Amino acid sequence: MENSTQFEEIFNAKIERGDFIEPKDWMPEKYRKTLLRQISQHAHSEVIGMQPEGNFITRAPSLRRKAVLLAKVQDEAGHGLYLYSACETLGISREELLDQLHTGKAKYSSIFNYPTITWADMGAIGWLVDGAAIINQVMLQRTSYGPYSRAMVRICKEESFHQRQGYEIMCVLANGTAEQKALAQDALDRWWWPSIMMFGPPDGESKNSADSIRWKIKRETNDELRQKFIDRTVGQAEFIGLVIPDKDLKWNEARGHYDYGKINWEEFNKVVAGNGVCNKKRMAHHIKSQEEGKWVREAANAYAKKKADREKNILVA
Ligand code: FAQ
């Protein structure tokens, strides 16, 4: 029988080789906890992230826009489902996960605590928020935990459609009337900085990064991903004639990257601590819909039990 040091050696060798860690494999408790923290935060973000856009489903400007937005918001629910399922493989129940969200023990992305005010916000969210999410998630397709990695492969395919639908809304508005272009610029002005905060604190202050990089949960750091997003998005804004609200944004030939202005980390910390514009509203809405959906879950469980009992009786007879 192997002792825990030998188990750890096997685990480390797998990580080193780039093999996946699977649910039944031995893993250090801290690895399991880090995964649970990150994947559950990610799952909660997908589900809470339905609210800002859900707000505009009844106000979409055409049937086509409404159908696309509805499909996108439903995709986010699906992403939440894959990710909650990945969490469950680590030995936690859905009830516990939701309890952690409702009691503030588990976080969700800061970005979803900002209000959606105009239709252009639907464009800005798809273009910038999904655009930032996908840069982070492409890396997570190669994360070391098998169920998380496989969920991300599927999520990334849908996320790239989300990014394009948002950019298309912005293209149409930016090429429309002066009033429409102003709406697009206003949305970019409000969503730019919160979007680049999504990647998390600067590397020097990222307390989880060292372990996560060592265990190949994260393959790139917060600042590396943030830089990638900025480098990619500047040209897209220029192409449609919009201006990124950062006077310090400048191409740096020597670095081969854009330099950018100072991020307001005080604002980020305030939002993460629960004091953003919409934190309380988002949580109250989620708790209310959980309560309202309780009878559906109970009915589904009762039906599943009845079906399983019937099948058991047929097998016994
Ligand atoms: N918001 O040590 P680090 C989406 C926390 S999905 C709130 O650097 P880590 C799709 C962090 O938890 C968007 N809290 O942490 C969509 C930690 O606190 P803790 C979500 C944040 O984990 C689009 C502390 O700060 N994506 O948008 C944030 O190594 C449209 C220190 O930070 C994911 O979750 C934040 N932005 O790196 C849906 C991707 N950033 O837990 C609907 C997976 C950091 O120790 C509509 N997650 N914190 O108390 C990750 O890749 C990582 O967790 C990072 C943070 C990169 C987000």
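The values are calculated or read from the model by the stated rules, or taken from the named source; none is laboratory data. Just so it is clear, the structure is predicted and the values come from calculations on it, not from any experiment. We place every Cβ from the backbone using ideal geometry, glycine too, and count neighbours over all the protein chains shown. Surface accessibility is based on the protein's heavy atoms, side chains included, excluding ligands, DNA and RNA. Shrake-Rupley method; radii C 1.70, N 1.55, O 1.52, S 1.80 Å.
The relative contact order of the chain comes to 18 percent, based on Cα pairs under 8 Å that sit 6 or more residues apart. Note on the chain: GNM, Cα springs under 10 Å; of 236, 137, 41, the largest mean-square fluctuation is that of 236. Residues whose amide H falls under 5 Å from that of residue 257, counting only those 5 or more places apart or on a different chain, are 252, with hydrogens built in the peptide plane. Any idea what angle helix 178-197 forms with the longest principal axis of the chain, computed on alpha-carbon atoms, 0 to 90 degrees, nearest 10? The two axes meet at around 50 degrees.
Between 81, 112, 43, the Cα set farthest toward the positive side of the dipole of segment 24-121 (charges on each charged residue's Cβ, about the Cα centre) is that of 112.
For segment 75-165, the fraction of C-alpha pairs more than 20 angstrom apart is 44%. Working from label points 7 Å from Cα in the Cα-to-Cβ sense, the residue 117 to residue 311 distance is 5.3 nm. Backbone amide hydrogens, once placed in the peptide plane, bring residue 21 within less than 5 Å of 145, 146, excluding anything fewer than 5 places away on its chain. Applied to segment 237-251, the Karplus parametrisation 6.51 cos²θ - 1.76 cosθ + 1.60 on θ = phi - 60° returns per-residue 3J(HN,Hα) values of 5, 4, 4, 9, x, 9, 10, 5, x, 9, 6, 8, 6, 7, 5 Hz, with x for Gly and Pro. At q = 0.11, 0.16, 0.21 Å⁻¹ the log10 of I(q)/I(0) for segment 1-132 amounts to -0.53, -0.87, -1.17, computed by Debye summation with a single uniform scatterer per C-alpha, solvent ignored. Apply the a/c threshold of 1.5 to the C-alpha gyration tensor of the chain and tell me whether it is rounded, prolate or oblate. Oblate.
Quick one: work out Rg over Rh on the C-alpha atoms of segment 3-43, Rh as Kirkwood radius. Before the final figure, lay out each step's value.
Working: Rg = 11.2 Å, Rh = 11.0 Å.
Ratio of gyration radius to Kirkwood radius for segment 3-43: 1.01.
In this structure segment 57-188 gives 41 Å² per residue of accessible area when probed at 1.4 Å with all protein chains present.
Taking only DSSP H segments of four or more residues, each worth -39500 (n - 2.57), what value at 222 nm results for the chain once the sum is divided by all its residues, to the nearest 500 deg cm²/dmol? Mind dumping the intermediate values first?
Details: 14 runs with 205 residues, N = 317.
Rounded to the nearest 500, the figure is -21000 deg cm²/dmol.
Placing +1 on the Cβ of every Lys and Arg and -1 on the Cβ of every Asp and Glu, with nothing else charged, gives the chain a dipole about its Cα centre of roughly 820 debye. Charge dipole (Cα centre; +1 on Lys/Arg Cβ, -1 on Asp/Glu Cβ; no other charges) of segment 196-317 amounts to roughly 880 debye.
Which loop-located trypsin sites (Lys or Arg not before Pro) does segment 1-105 contain, where loop means any DSSP state but H, G, I, E or B and the Cβ has at most 10 other Cβ atoms within 10 Å? Before the final figure, lay out the partial values.
On the way: sites: 14, 17, 24, 30, 32, 33, 37, 59, 64, 65, 66, 72, 94, 105; in loops: 24, 105.
Loop-located and lightly packed - 24.
With a 1.4 Å probe and all protein chains left in place, how much of the accessible area of the chain comes from carbon and sulfur atoms, in whole percent?
On the way: 9420 of 16800 Å².
C and S fraction of accessible area: 56 percent.
Taking the inverse of the mean 1/r over every pair of distinct Cα atoms in segment 119-184 gives a Kirkwood hydrodynamic radius of 12.6 Å. Taking the Cα atoms only, what angle lies between the long axis of helix 279-292 and the longest principal axis of the chain, rounded to 10 degrees? Result, in degrees: 40.
Evaluated at 4 °C with a viscosity of 1.567 mPa s, what Stokes-Einstein diffusion coefficient in µm²/s does segment 12-80 have when Rh comes from the Kirkwood expression over alpha-carbon pairs?
Details: Rh = 14.8 Å.
Taking Rh from Cα pairs, D becomes 88 µm²/s.
Which pairs, out of 66/270; 30/280; 107/218; 14/72, put more than 25 Å between their alpha-carbon atoms? Numbers along the way, then the final one.
On the way: 66/270 33 Å; 30/280 31 Å; 107/218 18 Å; 14/72 37 Å.
Result: 66/270; 30/280; 14/72 exceed 25 Å.
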